[in-house]
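Below is one structure, written out as C-alpha cells, with a few remarks after it.
None of the figures in this text is laboratory data; all of them are computed from the coordinates on show. Model, not experiment: these values are computed from the prediction. No Cβ is skipped: glycine too gets one built from the backbone with ideal geometry, and neighbour counts run over all protein chains shown.
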Amino acid sequence: MSTTYQPKKRKRSRAHGFLKRKATSGGRRTVKARRLKGRKRLTV
C-alpha cells in the first residue's frame, strides 16, 4: 500500500486558494461566510 497524500503547495492553492474561491459565485459565498464567522484564515 502506497501513501496517497503527496502535498504540493502550488497545487493546493490553485485548487482551494483565494483566487479560485473568488472566481465563482459559490466560492465568494464561502469566503463571505468564513468572514462572517470570523475565521482567522479564509482560504488555504
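Some points to look at:
- Selection from the range 13-25 of residues that are of a type outside the set (Ser, Thr, Tyr), exposed (fewer than 12 other Cβ atoms within 10 Å of the Cβ) and part of a helix (DSSP H, G or I): 15, 19
- Selection of first residues in the range 1-20 that are touching a residue at least 12 places away in the same chain (Cβ under 8 Å) and of second residues that are among the aromatic types (Phe, Trp, Tyr) and surrounded by 11 or more Cβ atoms within 10 Å (Cβ to Cβ), restricted to Cβ pairs under 8 Å at least 6 apart or on distinct chains, gives an empty result.
- Any hit, the range 26-36, residues being in contact with a Lys or Arg (Cβ under 7 Å, 6 or more places away or on another chain), part of a helix (DSSP H, G or I) and small (Gly, Ala, Ser): yes
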